[in-house]
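Asker: Let me give you the structure first, and then I'll get to my questions.
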Amino acid sequence: LLPLACALPPTRPPPPPPPPLSPPSPPSPPPPSPPPPSPPPPPLSPPPPPSPLSPPFLPPPPPSLPPLLPDMISCDFEVDNCAWIDTAPDGYSWTRMSGGTPSSDTGPSGDHTTGSGSYLYTEASGRSNKLHQLESPLFSLQQAATLSFFYHMHDALRLYMGTLSIEAYNNETGWTTLWSRTGDQGNSWLDAAVILPASATKVRFKGLTGSGFRSDMALDDVSFMQFTPPPPPSAPPLPPLPPPSPPLSPPPPLPPLSPDFVAAASEAELRNLIQDALADVSIYLPPSADFKLGSQISCSSSINVTVASSGEGATLDGKGETGLFSLSGRCSLTLRGLTLVNGKADWSGGVVEAWTAGDIEIIDSTVTGCSANQVGGVVYAYKSGAVSLINSTARDCMAGHVGGVVYAQSSGAVSLIGSTVTRCSAVRNPGYIAADGGATYTRDNDLIVTDSTISGCNATRGGAVYMVSGTASLARSNISNCIATEAGSTSMSDGTLISGCSALSGGGLYSAGGSTALSDGTLISGCTAEKEGSSIFILAGEVSYALPAPAGRWLPNARCEVYRKACSYSEAAKQAACLEHREDCALAESDSSEPSSDEKEAACRRQTDKDKQAACDVNEPWYCQAATFVQPCNWEVDSSLLGKSLYQLPLLPVDEDFPFACAAGLNSSADTKDQSSSVCGGPCSTGFYSVEAAGSCVECAAGTYTANRGMGQCIPCPHPLASGAASATCSICKEDFYLKDSRADPDDVFENPTEHCKSCPPNANCSAGTALENLGVNVGYWRASNATSELHRCHSETCSGYAGQPSRRRRLTDGD
């Protein structure tokens, strides 16, 4: 269950270390076993065996209030709107749609469920600032419930998107807003959830379009789940029962949980199992568990602790009052399959605070609304092990100084793998110069981000990532719509995208030292800076880019290789071998004259030419020369750069999107041979065009043409001409016109279109490309030959016209 994000905590000085926690009160004993049933009086048959979860000494529960059927509200909109109805006062309805919305630069490209199904959206064209309202039927709740949904709010210009909100109704207070988002939220489906109070009787989505057509907001996969109702009242006191039986066994954990897990049925049991553990312990929480924590659960022993759940996952709730875990003494913690909410630390680590602890892993979990007044809204790690978020989601988390999600210093590597970080922030508290790292802040650590998304995060410096020292690598990840008011987001490699960032300096990347490697499709675009370096600002350090770039982009580059001294052997055989293997030696990371076998094999694999790779012999001596003092790239630190096309950025700000865009009218691809100069892959052919940074050229649509190479757009045919797709000219007549003479010179037709194209006569058919010879004649009319456009009405049943095929001329009769 996903509660609302917690409010920003007030700033306060760091508290002294907390005193040792007093032992918690023991958990309540499990319900006693039922007494042995007395022999049933005949002729009744014995009652069925009681369920372990429904003791026979409890009376049957009273009839519940009419429940809300989930089917009434849960809806994927594949067939219809289910029970949802449009109630906007002005009658503007949510539209069910599949595929993309009609307007460009707004709306999704497909639904969330399958990508090819249906969803609802607000059509904004011609409907600026109009309310679209989708309302549920009346319902009755026994307890609070949750409403989950996916929404899409994309405005490419980030200027016109309106507001999407959710309101709940009860009979006493009327409509109350539970959730709201305004403005562009990125070009992807986002998930959200709200808690419906038990008093709610209706709920509605309100979509208020913005001031332009780029305000198509969409909704899909709405789902409803009611919380488990409270147990029925206990039965009247019964006679004394036999001693209680052993506790009930927990439900078996689902794979891949191992069978040695021990179950915790309460917050107190969970706390005791961890705090009293002297050896590694694995704890299973049932999916329905919702534990409210009154203080941090601490671990100070050098053990491995795993807390896991299955199915929908158990919930650990800090109630906005406390962090969840405190680690020290090399204690390692794995949290798996959990929902972690409302953790709030006065100083550090809204979920986990680690001082000289072991590794910290959050796997297959959701973290929502957690915060720290100072550092590490989710995890704080100081002189601890590695910190990993794996296949998890963190949203609406906050730190009052640095590291909206993770703060790590002098610890192991920080890894985000297959995870999503959304709307997290580092907020500048009074007395601080800046707030750094909306998602992560690392000092003397390595940072690894793979197959992950960081969006909508903000900070004073490093809207997404702020790294003081260490190395960083981003692979196949997306950083978008992050804001830094002083220094922007950080990016690295393998398909990484950074967009929509803003800063005073270095809107996309701010380098203050260390080594930053960008490669394999990384793109920094749409970022701004008030001073300099809209995309990149390099104060110090080394920043390089290894091709390939994204299709439609280019960079000046040179091959990264080992510069070696000239071959100068006096023996002819050694000199010949040195010259023969000079290119092989240039790809070997060894500085010695004879690389090892492994270094030779690696150098051979780096050859891009297959013939050279086949001829590369690792068994014979190469007689390489020593490396020169000046080298073109930092291969000594990262030998994987050898053989790659590399651009070393100078210490100058970069204001354009980076890598640079191929100009309109140029062909390009993701092949490095098309990315080495500003001419990219060469100009588009006639009949084709490309826009800036588009990649490959696209054929002109029918009715348009390009007469020259290298065109950035297609030109509409002059009236009344038309063309087929990929045309270099327009030489046929458009619909409702016909070409007077099909033998006419195409250039003359283009130069004098009105002399060659004539209006289609009444009762004839003239599709695009029609010539007089194949003029179609409607049924009931005829013409004397295919050389005339004069049509006559039929006065005979045998006259039926023809559709443009040559036919015999019919003789005129007296009645014609």
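The values are calculated or read from the model by the stated rules, or taken from the named source; none is laboratory data. Every value quoted in this text rests on a predicted model; they were computed, and no experiment measured them. Here the Cβ is made from the backbone with ideal geometry for all residues, glycine too, and neighbour counts use every protein chain on show. Areas reflect the complete protein model, heavy atoms only, side chains present, ligands, DNA and RNA absent. Shrake-Rupley method; radii C 1.70, N 1.55, O 1.52, S 1.80 Å.
Asker: If I ask for residues that are crowded, with 17+ Cβ neighbours inside 10 Å and closer than 20 Å to Glu636 by Cβ, which ones from segment 577-603 would you list?
Answerer: Asp584, Cys585, Ala586, Leu587, Ala588, Glu589, Ser590, Pro595, Glu599, Lys600, Ala602, Ala603
Asker: Output the residues belonging to segment 542-570 that are open to solvent by 40 Å² or more (accessible area, probe 1.4 Å), in contact (Cβ under 8 Å) with a residue 12 or more places away in the chain and either among the hydroxyl-bearing types (Ser, Thr, Tyr) or assigned to a strand (DSSP E or B) (or both).
Answerer: Answer for segment 542-570, where residues must be open to solvent by 40 Å² or more (accessible area, probe 1.4 Å), in contact (Cβ under 8 Å) with a residue 12 or more places away in the chain and either among the hydroxyl-bearing types (Ser, Thr, Tyr) or assigned to a strand (DSSP E or B) (or both): Glu542, Trp554, Ala558, Arg559, Tyr563, Ser568, Tyr569.
Asker: Further question: Find the residue count for segment 617-648, including only residues that are farther than 30 Å from Ala573 by Cα, of a type in the set (A, V, I, L, M, F, W, C) and surrounded by fewer than 19 Cβ atoms within 10 Å (Cβ to Cβ).
Answerer: Within segment 617-648, residues that are farther than 30 Å from Ala573 by Cα, of a type in the set (A, V, I, L, M, F, W, C) and surrounded by fewer than 19 Cβ atoms within 10 Å (Cβ to Cβ) number 1.
Asker: Where in segment 354-462 are there strands (runs of 3 or more DSSP E), lying wholly inside it, with at least 2 residues that are closer than 26 Å to Asn304 by Cβ and of a type outside the set (Asp, Glu)?
Answerer: 360-363, 366-368, 379-382, 387-390, 393-395, 406-409, 414-417, 440-443, 447-450
Asker: Which residues, taken from segment 172-225, are open to solvent by less than 50 Å² (accessible area, probe 1.4 Å), touching a Pro at 6+ places or on another chain (Cβ under 7 Å) and over 28 Å from Ser103 (Cβ atoms)?
Answerer: Within segment 172-225, Phe224 is the sole residue that qualifies.
Asker: Quick check on segment 476-488: of everything there that is assigned to a strand (DSSP E or B) and modelled with pLDDT of 65 or more, which residue is least open to solvent (accessible area, probe 1.4 Å)?
Answerer: Ile479
Asker: Same structure again: Any residue that is buried (at least 24 other Cβ atoms within 10 Å of the Cβ) and in contact with a Cys (Cβ under 9 Å, 6 or more places away or on another chain) - is there at least one of those in segment 300-317?
Answerer: Within segment 300-317 (the criterion being buried (at least 24 other Cβ atoms within 10 Å of the Cβ) and in contact with a Cys (Cβ under 9 Å, 6 or more places away or on another chain)), the answer is no, since none of the residues qualifies.
Asker: What are the residues in segment 662-708 that are of a type in the set (Val, Ile, Thr) and either open to solvent by less than 50 Å² (accessible area, probe 1.4 Å) or on the phi > 0 side of the Ramachandran plot (or both), if any?
Answerer: Thr672, Thr704, Thr706
Asker: Find the residue count for segment 112-151, including only residues that are modelled with pLDDT of 90 or more, farther than 24 Å from Trp175 by Cα and open to solvent by less than 10 Å² (accessible area, probe 1.4 Å).
Answerer: 2
Asker: Looking only at segment 88-111, count every residue that is polar (S, T, N, Q) and exposed (fewer than 15 other Cβ atoms within 10 Å of the Cβ) and tell me the total.
Answerer: Total satisfying the criteria: 3.
Asker: I need every pair where a residue in segment 634-653 that is at positive phi has its Cβ under 9 Å from the Cβ of a residue that is assigned to a helix (DSSP H, G or I) and of a type in the set (D, E, K, R), sequence separation at least 6 or different chains.
Answerer: Qualifying pairs under 9 Å: Gly643/Arg605.
Asker: Return the residues of segment 176-231 that are at pLDDT 90 or above and of a type in the set (Phe, Trp, Tyr); say none if nothing qualifies.
Answerer: If the condition is that a residue be at pLDDT 90 or above and of a type in the set (Phe, Trp, Tyr), then Trp189, Phe205 are the ones that fit.
Asker: Restricting to segment 649-661, give me the number of residues that are part of a loop (DSSP other than H, G, I, E, B) and open to solvent by less than 30 Å² (accessible area, probe 1.4 Å).
Answerer: 2
Asker: Keeping to segment 352-369, report how many residues are open to solvent by 10 Å² or more (accessible area, probe 1.4 Å) and under 20 Å from the mean Cα position of the chain (by Cα).
Answerer: Qualifying residue count, segment 352-369: 3.
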